[in-house]
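Engineer: Attaching a single structure in C-alpha cells format; questions to follow.
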Amino acid sequence: MTDEMAYDVAASVVERGDLPLLGQDPRRTYRMGIMGGTFDPIHNGHLVAAEQAFDDLDLDVVVFMPAGRPAFKQGKRVTAGEDRYAMTLLATSDNPHFLASRFEVDREGITYTADTLECLASIYPSNVEFYFITGADAIAEVVTWRDAHKIAELAHLVGATRPGYDLAHAKHAIAESPFEFDVTYLEVPALAISSSYLRERVAAMQSLRYLTPDTVTGYIHKHKLYGVLPRRYGSTVIVDADGQTEGRRRGEQRTD
Ligand code: ATP
Ligand code: MG
C-alpha cells in the first residue's frame, strides 16, 4: 500500500471512528488486540478466544475485523462483507472491550494482514502495540503469508489453540522462519466450533443455539443466509392424535 492510500484509509477511519482511541498517555503502553477472520459467520469460538486473549495478555481492547476479500478464500463463496460485518457487530456489541471494525471490509481488493498492520501502525502512536489473534492452526501459516517479515515487525502473535491441536507444527514453523515472530499460545477450553460447522447446521435445519449469540442466528434467518429455507410462522411442532410429536413440517426452519 502506498503512503497516499494509507493516508486515505486512515482519514476515513478516523472520520468514521470505528477504531479505538488509544495512545493518548505517552507514559504508558497500550495493547490493541486484533481478531482477523472471515467471520462467515462469527461464533462463540471467536468470542471466547478474544475474551481470553483480552484477559491473559492484559489487552486494552479487541478489535474484530472481518476481512473484505480474504486472501485465502479466493474462489470460495463468501457471504457479503456487509452481512459478515453486521453479524460481527451484533455479536460484539454487548462487550465493552470488544469493537467491530469496518476497516478491512471497506478496503478495495484482497485483504492482506501485513497491509492492515502497516495502516494501523501509521494511524497510531508508537506506544500502541498490536496483538494479532489467530487460531494456532493458522500460526504455522502466518510465516508464509505475504510480507511475513512486516507482520513479525509490527505485531505480536497470539495463537489460540483448538482442542486436540498439537502445537509442535506451529512451533516448528515459527522456529524455522527467518523472521523473528513473538508468539504467545493460549489454551482456549473446549472450543471446536467453526464457521463451516455453523453453515452446515443451518443448511441441515439444525439449531445454532449456544454456538453463536442469538442475535447472529436471528440475522442469519432474517437475511436467509447459508441456505435458510423460507419459514412458515406459528406451527413449529406438530402433535398427532396420540399426543406424539411429529416434529417439524417439511420445509420449516428452526429459528433458534
Ligand atoms: P471456517 O470454518 O469457514 O474456516 P473459522 O471458524 O475458522 O471459519 P475464520 O473466520 O476463518 O473462522 O477464523 C477467524 C480466526 O479465528 C482464525 O484465526 C481462526 O484460526 C480463529 N478461530 C476460528 N475458530 C476458532 C475457535 N473455535 N477457537 C479459537 N480460534 C478460532
Ligand atoms: Mg478457518
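The values are calculated or read from the model by the stated rules, or taken from the named source; none is laboratory data. Keep in mind that what you see is a predicted model, and the values were worked out from it rather than measured. Virtual Cβ from ideal backbone geometry, glycine too; neighbours counted across all protein chains shown.
Engineer: Among (1) aliphatic (A, V, I, L, M); (2) under 24 Å from L186 (Cβ atoms); (3) out of contact with any Leu (no Cβ under 6 Å at 6 or more places or on another chain), which single condition is L90 missing?
Structural biologist: Of everything listed in (1) aliphatic (A, V, I, L, M); (2) under 24 Å from L186 (Cβ atoms); (3) out of contact with any Leu (no Cβ under 6 Å at 6 or more places or on another chain), L90 misses just condition (2).
Engineer: Then there's this: Would you point out the residue of the stretch 122-142, among those that are charged (D, E, K, R) and within 13 Å of ligand 1 (Cβ to nearest atom), that is farthest from F54 (Cα to Cα)?
Structural biologist: So the residue we want is E141.
Engineer: Hey, another quick one. Take the residues in the stretch 114-136 that are within 14 Å of ligand 2 (Cβ to nearest atom) and within 22 Å of P178 (Cβ to Cβ); name whichever of them is surrounded by the most Cβ atoms within 10 Å (Cβ to Cβ).
Structural biologist: The residue in question is A136.
Conditions tested, residue by residue: (1) over 27 Å from T215 (Cα atoms); (2) of a type outside the set (S, T, Y).
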{"residue": "G23", "(1), (2)": "yes, yes"}
{"residue": "R27", "(1), (2)": "yes, yes"}
{"residue": "Y30", "(1), (2)": "yes, no"}
{"residue": "I34", "(1), (2)": "no, yes"}
{"residue": "T38", "(1), (2)": "no, no"}
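Engineer: Among what's in the stretch 121-141 and is closer than 17 Å to L21 by Cβ and assigned to a helix (DSSP H, G or I), pick the residue that is modelled with the lowest pLDDT.
Structural biologist: Step by step, filter the stretch 121-141, then rank; the result is I123.
Engineer: On the given criteria, is V202 surrounded by 15 or more Cβ atoms within 10 Å (Cβ to Cβ) and modelled with pLDDT under 95?
Structural biologist: For V202, the condition - surrounded by 15 or more Cβ atoms within 10 Å (Cβ to Cβ) and modelled with pLDDT under 95 - is not met.
Engineer: Let me ask something additional. Only one residue in L225, L211 is touching a His at 6+ places or on another chain (Cβ under 7 Å) and at pLDDT 95 or above. Which one?
Structural biologist: Criteria check complete, one pass: L211.
Engineer: If you scan the stretch 171-214, which residues turn out to be in contact (Cβ under 8 Å) with a residue 24 or more places away in the chain, assigned to a loop (DSSP other than H, G, I, E, B) and closer than 16 Å to V228 by Cβ?
Structural biologist: Scanning the stretch 171-214 gives M205, Q206, S207, L208, L211.
Engineer: For the stretch 150-170, how many residues meet the condition of being under 25 Å from D58 (Cα atoms) and more than 16 Å from ligand 1 (Cβ to nearest atom)?
Structural biologist: Summing the residues that are under 25 Å from D58 (Cα atoms) and more than 16 Å from ligand 1 (Cβ to nearest atom) in the stretch 150-170 gives 4.
Engineer: Okay, moving on. If you scan the stretch 33-58, which residues turn out to be within 16 Å of ligand 2 (Cβ to nearest atom), over 17 Å from I139 (Cα atoms) and assigned to a helix (DSSP H, G or I)?
Structural biologist: N44, L47, V48
Engineer: Something else about it: Taking the conditions exactly as written (at pLDDT below 90, within 25 Å of I193 (Cβ to Cβ) and surrounded by fewer than 21 Cβ atoms within 10 Å (Cβ to Cβ)), does G17 satisfy them or not?
Structural biologist: no
Engineer: If you don't mind, another one. Just name the residue that is surrounded by the most Cβ atoms within 10 Å (Cβ to Cβ) out of those in the stretch 63-93 that are in a loop (DSSP other than H, G, I, E, B) and of a type in the set (A, V, I, L, M).
Structural biologist: A67
Engineer: Tell me which residues, restricted to the stretch 139-162, are surrounded by fewer than 17 Cβ atoms within 10 Å (Cβ to Cβ) and within 15 Å of ligand 2 (Cβ to nearest atom).
Structural biologist: E141, W145 - these are the residues of the stretch 139-162 that are surrounded by fewer than 17 Cβ atoms within 10 Å (Cβ to Cβ) and within 15 Å of ligand 2 (Cβ to nearest atom).
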